[in-house]
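In what follows, a single structure is set out as structure tokens and then discussed.
What follows is calculated from the coordinates using simple rules that are stated; it is not laboratory data. No experiment lies behind these values; they were computed from the predicted model shown. Neighbour counts are summed over all protein chains in view; Cβ atoms, including those assigned to glycine, are modelled from backbone coordinates with ideal geometry.
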Amino acid sequence: MRFFQSFLLCLLAGCGGAAPKENLLAITHVNVIDATGASVKPDATVLIEGDRITAISNSSAFHPPTNAVVVDAAGKYLIPGLWDMHVHWYQEDYLPLFIANGVTGVRMMWGYPIHHRWKREIEKGRLLGPRMYLASTLVDGPNPIWPGSFIAKDEAGGREAVRQAKSEGADFVKVYSLLSRAAYFAISDEANKSQIPFAGHVPMSVTVEEAAAAGQKSIEHLTGILSACSSREAELLQAAQNFLAGNATNNSPQAYRTYAMRENKIALESYSADKAAALFSTLKQNGTWQCPTFTVLRLITLAANPAITHDTRLKYLPPDIRSEWNDLFGARAKKASAEDAAFGKAYFQRHLEIVGAMQHAGVGILAGTDTGNPYCMPGFSLHDELAFLVQAGLTPMEALQAATLNAARFMGREKDLGTIAAGKLADLVLLDANPLADIANTRKISAVIYGGKYFSKSSLDEMLNKAKSLAGSTEKNPQPYDHEYKTGFHLD
């Protein structure tokens, strides 16, 4: 029995502190941050009819209809609903954690049948969870990193991967690290012909410039970027191709880690600001978005820090997942040396600097967390990611746009999502403090409006309490797609 079924019905009926179900909702005397880059609109009234915003006016000049439910939001700030643009999640009962954290949409980076079912049920109002933009089955080379991947051995396999993605109803094709050049460029050609985007890792067999020219829509985790900024890029590409040739018959996780560590050390030591500037110009010109996922990248800096296992937000997650993460991190921490820790900090800092420079150069940035990987938590971690983006050099407005306007533009849904404007879907987050003054204020959530439905603070707290209760129960939490947790820390 679904743990949240009766709870969802209660929320939609207006109990638990949510506003009564009415056709009209007016948020009055609120400070509107529309995420366009414009200054704050003070003392505004936002009128919502059904699931759409119908008007935005100054409160002194606008009187809501008498049949509207009125929420006095004096002193509060209204922002668009947030999107986490890199998620892996398989626990249905915990989907409300996204909503409770103001995350009204996610880009699911490995689309399984369960995700397509969730998407349908969410759209019909039968399941409480975020809007979903779904990847295909992950597409990798003949000896893939992850079990269950679609194996594209050659050009024919690459084209078939695109056809399967279309038949699955995927929103885009997810490409991965061990694809051959022939398979990758076949995916590019077939995807462009079929008018379906492709995104993911830059395979080791191609350069970042080639991926951008081929039309890859986004690059995840900055894969390949550091090597592309290296004065020794040609050497690193040859090493990658040599590794792929050996991997064709022997997929050894340890061999991959050894190779990756050597590549990253060389790339870090040979970083060229001139090469970086030229690369960022190419990325901007080709419209190649970046989803850095600092939330998962930061793990390399925490090898000797046990505090991560005591994050208080872990109490809202299934016990089996918590246990897996703690075991993995504990084993990793024991093996980490002082040299590993120093490298991790330098590696992370360089990537922060890279993203700041990318933003300055006009490269599109998306906010994503890699939720599902260790200590990347549904809903909660998106706020961590926004803080990392500001640490990288983005302004609070630019960081906010990475999770709102940029996400909508990336998905081609700017007509409906991404900013606060009349005619758009009413996915909104009401905050107790100004996020433009301090990005950490996105965590101070007073209410969430999702599809025009108003969820008060007490309703959001109830979502959290339900998750906490479930996480503390002795009931087994089935995890049908658990290879993500069994194989260790990895960027997917």
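Once backbone amide H atoms are built at 1.01 Å from N, Trp110 has Ala135 as its partners under 5 Å, excluding neighbours fewer than 5 places away on the same chain. Panel values: the stretch 179-219, Kirkwood radius from alpha carbon pairs, Stokes-Einstein at 4 °C and 1.567 mPa s, translational diffusion coefficient 130 µm²/s. By DSSP, the beta bridges lying fully in the stretch 82-412 are antiparallel in about 5 percent of cases. Between Val70 and Ala26, the built amide H atoms are under 5 Å apart, and every one of these is 5 or more places off in sequence or on another chain. Computed from phi, the 3J(HN,Hα) profile of the stretch 159-169 under the Karplus parametrisation 6.51, -1.76, 1.60 (θ = phi - 60°) reads 5, 5, 4, 5, 4, 5, 4, 4, 5, 6, x Hz, with x in place of Gly and Pro. Within the chain, all pairs of alpha-carbon atoms sorted by distance into 20 Å bins from zero give the percentages 24, 57, 19, 1.
Would you please classify the overall shape of the stretch 285-431 from the alpha carbon gyration tensor, given that a ≥ b ≥ c denote the square roots of the eigenvalues, rounded means a/c under 1.5, and beyond that prolate means a/b larger than b/c while oblate covers the rest? Oblate, because a/c is 1.5 or more while a/b does not exceed b/c. Each of Trp83, Trp89, Trp118, Trp146 was scored by other Cβ atoms within 10 Å of its Cβ. Listed from fewest to most, they are Trp146, Trp118, Trp89, Trp83. Here's how it looks for Met132: its modeled amide H is under 5 Å from those of Val106, which are all 5 or more places away or on a different chain.
By the rule of a C-alpha distance below 17 Å, with chain neighbours fewer than 8 residues away ignored, the lysines paired with Lys345 are Lys265, Lys335. Listed by chain and number, the lysines placed with their C-alpha closer than 19 angstrom to that of Lys193 are Lys166, Lys174, Lys217; residues fewer than eight positions away on the same chain are left out. With 0.36 nm allotted per residue and the present C-alpha distance subtracted, the Gln285-Asp416 stretch has 44.6 nm of extension available.
What's the angle, to the nearest 10 degrees (0 to 90), between helix 233-247's Cα axis and the longest principal axis of the chain? For 233-247 against the chain, the angle is about 80 degrees. The C-alpha atoms of the chain define a longest principal axis, and helix 181-194 lies at about 30 degrees to it.
In order along the stretch 214-229, phi translates into HN-Hα couplings of 6, x, 4, 6, 9, 10, 9, 6, 6, 4, x, 5, 4, 5, 5, 8 Hz, rounded to whole numbers, per the Karplus curve 6.51 cos²θ - 1.76 cosθ + 1.60 with θ = phi - 60° and x for Gly and Pro. The number of Lys pairs in the stretch 384-478 with C-alpha atoms less than 27 Å apart, excluding pairs fewer than 8 positions apart on the same chain, is 15. Over the chain, DSSP H runs of length four or greater, each weighted -39,500 (n - 2.57), average out per residue to a 222 nm ellipticity of -12500 deg cm²/dmol.
For the ranges 35-41, 263-269, what's the packing order if you count other beta-carbon atoms within 10 Å of each residue, average per peptide, and put the highest first?
263-269, 35-41
Exposure proxy for Tyr316, Tyr112: other Cβ atoms within 10 Å of each Cβ, ordered fewest to most, give Tyr112, Tyr316. Rounded to the nearest Hz, the phi-derived 3J(HN,Hα) couplings of the stretch 457-463 under the Karplus curve 6.51 cos²θ - 1.76 cosθ + 1.60 (θ = phi - 60°) are 4, 5, 5, 5, 4, 5, 4, where x marks glycine and proline. The orientation-averaged projection of the convex hull spanning the C-alpha atoms of the stretch 308-362 amounts to 5.6 square nanometres. Taking only Cα atoms, what is the 0 to 90° angle, nearest 10, from helix 380-392's long axis to the longest principal axis of the chain? It is inclined by approximately 70 degrees. Of Leu400, Leu24, the sequence from fewest to most neighbouring Cβ atoms within 10 angstrom is Leu24, Leu400.
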